[in-house]
Every structure is written in structure tokens, then in C-alpha cells.
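Q: Would you mind keeping the following structure in view while I ask a few things?
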Amino acid sequence: MIQVEKVLAAAITKEAEDIIFTVGRPPMLRLSGDLKPLRTETLGPEDTVALMKSITPERYREELQEEGSTDFGFDFGDKARFRVAVFRQQGNVCIVLRLIPSKIRSFDELQLGPRIQELLFHPRGLFLVTGPTGSGKTSTLATLVDHINSTRSAHIITIEDPIEYRHQHKKSIVSHREVGVDVPSFSDALRRALREAPDVILVGEMRDLESTQLAMMAAETGHLVLATIHTQSAQGTIERIVNQFPGNEQEQIRTQLADTLLAVLSQTLVPRIEGGLVAAYEVLLATPAVRHLIRDKKTHRIDSAIQTSREKGMQLLDDHLLRHYSHSVIGRTEVMTRCRYPEDVAKALVRIDAEGRA
């Protein structure tokens, strides 16, 4: 019988991103984006059930039984925390665990510039961290919250499903609220948070129209709101938010978003040539010019605004990918599969190769 403690310990040692337990395969670790099997026996149906029972609290087992899937977080001693998804597939139990490192990375480690740090001292506004699933959004948010916690005297309320990083009180007070445990939904948690004297509100995900409305209202009424959304570019983020609303409300929403937005940080994780992962960022800062574009339905010009505002701390994702490539951090294939404008990037790669990489 495979012992879950040994697999979790191996994942921590190898700095895996994910662990997958599924019938018909040995335990699989995701390392630098690729799935690798552990050298153990192949899992049978009874093995995945036993593994599930060893880590799943009773209330989540009941949810699995009733709904066919469940999500929760748990601490592996003081070594690490895991976000867990348990679900049924073809009648068998499958378990996916995402490793949440115990150490919160610093601004320098994430290579986030000083302009981002400055925004965290704003008393109000909406700061969005976006990207696909598995792009490191939660880790970035943890860095932002830890920076506020270390430098400001504030009340920070986090709303997550499930709670991932647990922050200790430093200069700030941090109140963690877990959807499904402490509060029924994101929207209910946001509505109640406004009466709980917050200075900063972290929203794990703006997942529906109501939570988006409430997050924007909180930013408008005097709170710094940090939130995530599953979009892959700054321009796409603005369009996604506006298009969530009925057509007759979109003009008002554009105005509200233009007034409240501080920044959009879009990111992806890319395998390094030497192993491990590195983040690539797109940064949009809500300058007066950008606010004007949002109000006037000219979001198609946001990429151009980013390109012409590099000295202000903005950058396109493609430019960051190319910079990583020029410093021999990532390979050509990784650049081309993640870039937004392949034709332009291909030409830039030819120039970089001709000039020589660092």
C-alpha cells in the first residue's frame, strides 16, 4: 500500500507543482510542467479510495459522495500546504493536489518592479492578477498580501475557496475567510466584508457577475481590492469584465472600471532551460491615457498604450518572453507557444539570434 506521507514528502523535495493519484498509473508528479511517474506500484481502485480517506475530512467526503467532486486545502505538518481536488472518473476516485510552498516569495524573487509595490499603498482601487489555471496567480497574490502585511497597518480580509496561503499577523491583521466553511459564497463574503472594517480585500476569484459587481463596488467605496480572473492578457481582462454585464449597463461599467482600476498583472509560468519555472508578466497600469481608452470603448488600443509606456513600468507579455529568451532562460518553443503575436515574435527571435544571446 502506497503511503501518502511519502509521496507528499517526495513532491516537496522535488519541488513538484502537482501530484495526481489515478487508477491505472503510479502516483504522478508534475515537474517543470511535465508529468513524471514515481517508481512505485500502479494504483488500483482501492488504493485511490484509501488515499482519499487518509487526507479528506468527513464533510468533504460527503460532498464527494453527493456531488461527485470536492475541493479543500490541508496542511502537511509545517512542511507545506496543499490544495486538493477529489473527483470521480469512470466510477473511480482521482485526486489532484497542488503544492503551495510554505515560503512566500519576495518582490525581488518575482521580479515585480517598484511601481507595483507603490500601488499597494493606495487606499482604494482594483488590482487584478490574471492568467490561466496554474500560472502562479495565487503565489503572486500571496506576495502582494505579504508586502502589505509587512509594511502597512491595515485590516486585510482574504476570501478564498479553499484558503491557500495562511498569513500570520505582522504590521497588519489578516482575517482568512473560506468559502463553504466560513461563508456560503464569494458574493456573500464580499457583501459582508464591507461591514467588517477592511482596508484591503483579497478575492480569490471574480467568478461571476455578482462577485465582479461587488469587488468593483468595494474598490469604489474606499478599499484596496486584490482579485484574480482567468484571462490571458490585460486587454482581454478589460473586455471580459465589461462583457459580463448586460449591454445597457456596459457604458456605466466602463466608467466605473476606468475610475477604480489600478493595474492588471497578467502572467504565465514557463519552463526554464535549466529546469524549474519562471514567470512572464504583462503589466498594464491605469494611467490617465489608459482610463480614457477604457471609458471610450477603445480597449483594442491598450496593447499599443502598453508598448509606448514602458518607461512607466508597463510591458507586454511577448516582450518579457523575448527578454527571458535573450538571456537564455527559456527556449524558442516556449516563447512561440505562449506569445500573443507569433509573427512579430518570430521576427524578433531572428534578430536576437543574429545579435547573440546572453
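The values are calculated or read from the model by the stated rules, or taken from the named source; none is laboratory data. Here the structure is a predicted model, which means the values were calculated and not measured. As a convention, Cβ positions derive from the backbone with ideal geometry for all residues, glycine included, and neighbour counts pool all protein chains shown.
Q: In region 259-291, what residues are within 12 Å of Thr130 (Cβ to Cβ) and polar (S, T, N, Q)?
A: Answer for region 259-291, where residues must be within 12 Å of Thr130 (Cβ to Cβ) and polar (S, T, N, Q): Ser266, Gln267, Thr268.
Q: Moving on. Considering region 117-153 alone, what residues qualify as being touching a residue at least 60 places away in the same chain (Cβ under 8 Å), of a type in the set (Gly, Ala, Ser) and surrounded by 18 or more Cβ atoms within 10 Å (Cβ to Cβ)?
A: Across region 117-153, the qualifying residues are Gly125, Gly131, Ser135, Gly136.
Q: Further question on the same structure: So, of the residues in region 154-175 that are under 15 Å from the mean Cα position of the chain (by Cα) and of a type in the set (D, E, K, R), which turns out to be surrounded by the most Cβ atoms within 10 Å (Cβ to Cβ)? Quick ask: steps written out before the conclusion?
A: Going through region 154-175, the residues under 15 Å from the mean Cα position of the chain (by Cα) turn out to be 158-165.
Going one step further and asking which of them are of a type in the set (D, E, K, R), we end up with 160-161, 164.
Working: Glu160: 23, Asp161: 21, Glu164: 20.
The selected residue is Glu160.
Q: Among residues belonging to region 201-235 that are within 15 Å of the chain's Cα centre (by Cα) and in a loop (DSSP other than H, G, I, E, B), point out the one that is farthest from Pro184 (Cα to Cα). First the steps, then the outcome.
A: Residues of region 201-235 that are within 15 Å of the chain's Cα centre (by Cα), as a first pass: 202-207, 225-234.
Subset that is in a loop (DSSP other than H, G, I, E, B): 204-207, 230-233.
Numbers: Gly204: 14, Glu205: 14, Met206: 15, Arg207: 14, His230: 22, Thr231: 25, Gln232: 29, Ser233: 30 Å.
Only one residue tops the list, namely Ser233.
Q: I'm checking my understanding of the structure. Among residues of region 233-250 that are touching a residue at least 60 places away in the same chain (Cβ under 8 Å) and in contact with a helix residue (DSSP H, G or I) (Cβ under 8 Å, 6 or more places away or on another chain), which one is surrounded by the most Cβ atoms within 10 Å (Cβ to Cβ)?
A: The qualifying residue surrounded by the most Cβ atoms within 10 Å (Cβ to Cβ) is Ala234.
Q: Looking at (1) among the aliphatic types (A, V, I, L, M); (2) at pLDDT 95 or above; (3) over 21 Å from Leu261 (Cα atoms), which is the only condition Leu126 fails?
A: (3)
Q: Among the residues of region 183-199, is there at least one that is under 19 Å from Ser139 (Cβ atoms) and of a type in the set (A, V, I, L, M, F, W, C)? Explain how you work it out, then say what you get.
A: Here is the first cut: in region 183-199, the ones under 19 Å from Ser139 (Cβ atoms) are none.
No, the conditions are met nowhere in region 183-199.
Q: In addition: Kindly indicate whether any position in region 60-73 is outside the structural domain of Ser266 (by TED's automatic domain parsing) and at positive phi.
A: Taking region 60-73 and keeping what is outside the structural domain of Ser266 (by TED's automatic domain parsing), we get 60-73.
Retained after the next criterion (residues that are at positive phi): 68.
Scanning region 60-73 turns up at least one residue that is outside the structural domain of Ser266 (by TED's automatic domain parsing) and at positive phi.
Q: Return the residues of region 304-326 that are touching a residue at least 24 places away in the same chain (Cβ under 8 Å) and touching a helix residue (DSSP H, G or I) at 6+ places or on another chain (Cβ under 6 Å); say none if nothing qualifies. It would help to see each step written out before you state the result.
A: First, the residues of region 304-326 that are touching a residue at least 24 places away in the same chain (Cβ under 8 Å): 306, 309, 312-318, 320-322, 324-326.
Listed by number, the residues that qualify are Gly313, Met314, Leu316, Asp318, Leu321, Leu322, Tyr325, Ser326.
Q: Of everything in region 11-44 that's over 24 Å from the mean Cα position of the chain (by Cα) and closer than 18 Å to Arg83 by Cβ, which residue is surrounded by the most Cβ atoms within 10 Å (Cβ to Cβ)? Can you show your working first?
A: Of region 11-44, the ones over 24 Å from the mean Cα position of the chain (by Cα) are 22-27, 37-44.
So of that shortlist, the ones also closer than 18 Å to Arg83 by Cβ come out as 22, 27.
Details: Thr22: 17, Pro27: 28.
Here the residue is Pro27.
Q: Still on this structure, please answer the following. What strands (runs of 3 or more DSSP E) completely inside region 79-140 contain at least 3 residues that are touching a Cys at 6+ places or on another chain (Cβ under 8 Å)? Quick ask: steps written out before the conclusion?
A: On the way: elements: 80-89, 92-100, 125-130.
Those strands (runs of 3 or more DSSP E) span 80-89.
Q: If a residue must be among the aliphatic types (A, V, I, L, M), in a loop (DSSP other than H, G, I, E, B) and over 16 Å from Ala227 (Cβ atoms), how many such residues does region 150-186 contain?
A: Going through region 150-186, the residues among the aliphatic types (A, V, I, L, M) turn out to be 154, 156-157, 159, 163, 173-174, 179, 181, 183.
Going one step further and asking which of them are in a loop (DSSP other than H, G, I, E, B), we end up with 154, 163, 181.
Cutting the leftovers down to over 16 Å from Ala227 (Cβ atoms) gives us 154, 181.
Counting residues in region 150-186 that are among the aliphatic types (A, V, I, L, M), in a loop (DSSP other than H, G, I, E, B) and over 16 Å from Ala227 (Cβ atoms) gives 2.
Table: residues versus (1) touching an Asp or Glu at 6+ places or on another chain (Cβ under 6 Å); (2) of a type in the set (A, V, I, L, M); (3) crowded, with 21+ Cβ neighbours inside 10 Å.
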{"position": "Ala280", "(1), (2), (3)": "no, yes, yes"}
{"position": "Lys298", "(1), (2), (3)": "no, no, no"}
{"position": "Ile306", "(1), (2), (3)": "no, yes, yes"}
{"position": "Ser309", "(1), (2), (3)": "no, no, no"}
{"position": "Asp318", "(1), (2), (3)": "no, no, yes"}
{"position": "Arg323", "(1), (2), (3)": "no, no, no"}
{"position": "Val329", "(1), (2), (3)": "no, yes, no"}
{"position": "Cys339", "(1), (2), (3)": "yes, no, yes"}
{"position": "Arg351", "(1), (2), (3)": "no, no, no"}
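Q: All but one of (1) assigned by TED's automatic domain parsing to the domain that holds Leu120; (2) not in a loop (DSSP other than H, G, I, E, B) hold for Glu274; state the number of the condition that does not hold.
A: (2)
Q: Here's a follow-up. Condition first: touching a residue at least 12 places away in the same chain (Cβ under 8 Å), part of a loop (DSSP other than H, G, I, E, B) and within 21 Å of the chain's Cα centre (by Cα). Can you find one or more residues in region 45-67 that meet it?
A: Step one: filter region 45-67 for residues touching a residue at least 12 places away in the same chain (Cβ under 8 Å), giving 45, 47-52, 54-57, 60, 64.
Within this subset, residues satisfying the condition of being part of a loop (DSSP other than H, G, I, E, B) are 56-57.
Subsequent filtering for residues that are within 21 Å of the chain's Cα centre (by Cα) retains none.
No, the conditions are met nowhere in region 45-67.
Q: Taking the residues in region 91-109 that are farther than 17 Å from Asp18 by Cβ and in contact (Cβ under 8 Å) with a residue 60 or more places away in the chain as candidates, determine which candidate is farthest from the chain's Cα centre (by Cα). Outline the logic, then answer.
A: Looking only at region 91-109, we keep the residues that are farther than 17 Å from Asp18 by Cβ, and these are 91-92, 103-109.
Subsequent filtering for residues that are in contact (Cβ under 8 Å) with a residue 60 or more places away in the chain retains 92, 104.
Values: Asn92: 29, Ile104: 14 Å.
Residue satisfying both the conditions and the ranking: Asn92.
Q: Which residues, counting only those in region 251-270, are over 17 Å from the mean Cα position of the chain (by Cα) and surrounded by 15 or more Cβ atoms within 10 Å (Cβ to Cβ)? Show your work before the answer.
A: Kept after step one, since they are over 17 Å from the mean Cα position of the chain (by Cα), are these residues of region 251-270: 251-262.
Once the filter is applied, which keeps residues that are over 17 Å from the mean Cα position of the chain (by Cα) and surrounded by 15 or more Cβ atoms within 10 Å (Cβ to Cβ), region 251-270 yields Ile253, Arg254, Gln256, Leu257, Ala258, Asp259, Thr260, Leu261, Leu262.
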